[in-house]
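See structure below.
Only the coordinates and a few stated rules stand behind these numbers; no lab work does. Source: prediction; values computed, not measured. We place every Cβ from the backbone using ideal geometry, glycine too, and count neighbours over all the protein chains shown.
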Amino acid sequence: MSSASDDVSQSKETILSRHREAAAEVVPDHTQMYIGGEWQAAASGETFDTLDPTTGEVLASVARGGAEDVDRAVEAAWEAFDEEWADTTESERQAVLLEIADRVEEHAEELAKLETLDNGKTLMEARIDMGSTAEQFRYFAGAIEIDRGQTESGDGYHGQVIKEPYGVVGQIIPWNFPLTMASWKLAPALAAGNCSVIKPAEQTPLSLLRLMEIVGDVVPDGVVNVVTGYGEEAGEPISTHEDVRKIAFTGSTTVGKQIMRNAADTVTDVTLELGGKSPIVVHEDADPHEAVETIAFAIFANTGECCEAGSRLFVHEDVADAVLEGLQGAAEGMTVGDPLDEETDLGPKVSREQVERTMEYLESAKEGGAEFLAGGDAPDDEALEDGCFVAPTLVEGLDHDHEAVQEEIFGPVLEVFRWEDYDEMIELANDVDYGLAGGVITNDIEKADRTARDIEAGYIWVNTWHEMSPGLPYGGYKQSGIGREMSVDTLDHYTQTKSIKYGLD
Ligand code: NDP
C-alpha cells in the first residue's frame, strides 16, 4: 500500500492547507434548514458540527432540527402541494427536473469537491456521483411521460385506473452517497407530483443544502424542505408524523426496522434500502487478472462504504491462489490518502465512529482466527493520523457464521472463501440475512446465468460491479429492504392507485 508520507503532495501540512482552501471555496453560505423556500434556524436555536473526515476539522455548523422544525416543514410541504404542486402538469414538473439536472452538471465540480470534503470519498468518485445525480433527475423527467393508467370497458360500464401522488412524503438518507441518494429519492417523488421533507445524514448535510441554494429559484417554495439534524431528533419525527403519507429510507437495518414499526402506527407506506453483504462468485474458468480488477472495484470503491459492495468472495480453488495473489498486490498497491489529491485511490471513512465500528469487526475477526492477507488496521502513516483511514483489508479463514462475515462492515474489508462444490458454495453465499446484490465472474454464459439466478438478491452483476442504469430497478431481497429505487417502478412507490368506475346504463 502506498501511503501519504511517500508523497510530498500528501504531507500533513499540504493536506491541511489544501482542505482549508477547498472549504473556503465550496462550503455553502447557508447551513440552516431549507423550509418553505426560506433558510431557517432550528426552533431550538441549536446547531451541530459537520467534520472533514480527512483532517478532523470542522467544516460548518448546521441547524440541529427537531420535532417542531419537522412540523413546520410538513406544513410548508402540504401548503405547496395544495396550492401549486398538485396542479402542475407533467411537462411543468418535467421542466423543473430537467433544470435541476442541468444545474447539477453546471456546478458538478464544486459539488464534487464539497462531497469529498464532507464525506471523504475521492474527488474522482464524487465526480461520478454528480453525473449520476444529474442522470436521476433527467431520467425521471422522462419517466413522467410513461402513462401508467389503464382503462377497462364492459357491458354498461367504463373503468379507469389513475395514479395519484401521496401529497407529502418523508425521505431519510444516509451519508455514503449524500447527493446521489437525495436524487434517488427526490427525483421520483417530485416527478410523481409529491412534495418532500428530506433529512440528510448528520455526517454529510452540506451538498444537499448547497443544491437547494443552486436550485431554490427553480423549485417552487415548499416543494422540497430540508431538515438537518440527528436521526433520533429530526428523523424520528418525520417517520412518526401523521401528515407524512409515505416514508422512504436508506440506512441501517436496525433503524429501518424502527421506521417500519413507526409507520405501522399510521399505516404509512414505506420503502427501505438497508444494506447488504453481497457475495462475489468466481468460477474456475475466470481470467484471474480480470477477476482481480472487478473484485477490487467491488469492495474498495467508495472506501467500501457501499450498500452493494461485494464483501464476501467465493473463489474456485482452481484459480484461488492466482486471484488472491493478485488481490493482495492490488490492495497493497492502492494509494490511501487525501481524497482531494487526484492520485489517491482510497479516501477516509466518513467518521471516527465508522472507523471504530470497522476496527471492532477486525478485532473480532482476529479473535475468530482470521488470517490477514492485506491490511487489518489503520495505515501506518503520520500524515493521515487525524483522518478516518482504514487500510484495504483481505481476510481469510473465518467461519461463515462469524459476525464479521454475517454483518455489514461497510468498510474496505473483503472476506475470502475457497470452493470446489457448487451447491455447498451457493448455500453459503445465500446464508446471510441480506440480499441486496451479488455477482459472478466467469466467461461461461451458462455458469453466469445459473449463478445469477441462484443468488438470492435484487441486483446481480456479471463480470462487473457497481454499474447501475436508471432504468434498472435497484433494491433488496430478504432484510435488505422493501421496494425498489431507480426505474419507472419507483413511480409506483410514490403514487397511490385509484379505480374509477362509470355506470353507463
Ligand atoms: P443509520 O441507519 O443510523 O443512518 C441512516 C439515516 O437514518 C441517517 O440520516 C440517520 O440520521 C437516520 N436515522 C438514524 N436514526 C434514526 C431514527 N431513529 N429515525 C429516523 N431516522 C434515523 O446508519 P449509521 O449512519 O448509523 O450507519 C450504521 C450502519 O448502517 C453502517 O455501518 C452501515 O452498515 C449501514 N448503512 C447502510 C447504508 C446503505 O446504503 N444501505 C447507508 C448508511 C449506513 P443521522 O445520521 O443524522 O443520525
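What to note about this one:
- In order along segment 394-400, the Karplus-derived 3J(HN,Hα) couplings, from 6.51 cos²θ - 1.76 cosθ + 1.60 at θ = phi - 60°, round to 10, 10, 10, x, 7, 5, 5 Hz, and Gly and Pro are given as x.
- Under conditions of 37 °C and 0.692 mPa s, the chain yields 139 µm² s⁻¹ as its translational diffusion coefficient, taking Rh as the Kirkwood radius over Cα pairs in the Stokes-Einstein equation.
- Antiparallel beta bridges, as assigned by DSSP with both residues in the chain, represent about 45 percent of the total such bridges.
- Estimated FRET transfer efficiency (SER153, MET124; beta-carbon r; R0 51 Å; 0.05): 0.35
- Contact order normalised by residue count of segment 278-469, Cα under 8 Å, 6+ apart, percent: 29 percent
- Distances between placed amide hydrogens fall under 5 Å for TRP419 paired with VAL315, HIS316, GLU317, all partners being 5 or more residues away or on another chain.
- Using every pair of distinct Cα positions in segment 144-274, the Kirkwood expression returns a hydrodynamic radius of 15.9 angstrom.
- Each residue, ASP285 and HIS400, gets one label point 7 Å from its Cα in the Cβ direction; the gap between the two is 2.4 nm.
- Between ARG261 and GLU79, full extension at 0.36 nm per residue minus the direct alpha carbon distance yields a gain of 62.8 nm.
- The length gained by stretching the chain between VAL218 and GLU385 to full extension, at 0.36 nm per residue less their Cα-Cα distance, is 55.8 nm.
- ASP269 paired with SER61, simple spin-label distance in nm, labels 7 Å along Cα-to-beta-carbon: 4.2 nm
- For GluC sites (Glu not before Pro), the sites in segment 180-268 that DSSP calls loop and that have at most 16 other Cβ atoms within 10 Å are GLU242.
- Sites listed here are GluC sites (Glu not before Pro) in segment 325-434 whose DSSP assignment is loop and whose Cβ has at most 11 other Cβ atoms within 10 Å: GLU342, GLU420.
- With Cα atoms, 0 to 90° folded angle of helix 90-106 axis to the chain main axis: 40 degrees
- Projecting the Cα positions of ALA374, THR490, GLY56 onto the charge dipole of the chain (unit charges on Cβ atoms of Lys, Arg, Asp and Glu, taken about the Cα centre) puts THR490 furthest along the positive direction.
- Here's the list of aspartates and glutamates a cross-link from LYS277 could span, going by alpha-carbon distance under 14 Å and ignoring same-chain residues fewer than 8 apart: GLU305, GLU308, ASP401, GLU403, GLU407, GLU408, GLU415, ASP431, ASP433, GLU456.
- Taking 25 °C and 0.890 mPa s as conditions, segment 278-469 diffuses translationally at an estimated 148 µm²/s according to Stokes-Einstein applied to its Kirkwood radius (Cα pairs).
- Residues in segment 130-152 reached by a label modelled at LEU504 [backbone nitrogen below 18 Å; 7 Å Cα→Cβ]: 150-152
- When both bridge partners sit in segment 278-469, DSSP labels roughly 10% of those beta bridges antiparallel.
- Near-label residues of segment 350-388 by backbone N, under 18 Å of a point 7 Å along Cα→Cβ of SER17: 383-384
- For MET130, MET33, MET468, the sequence from fewest to most other C-beta atoms within 10 Å is MET468, MET130, MET33.
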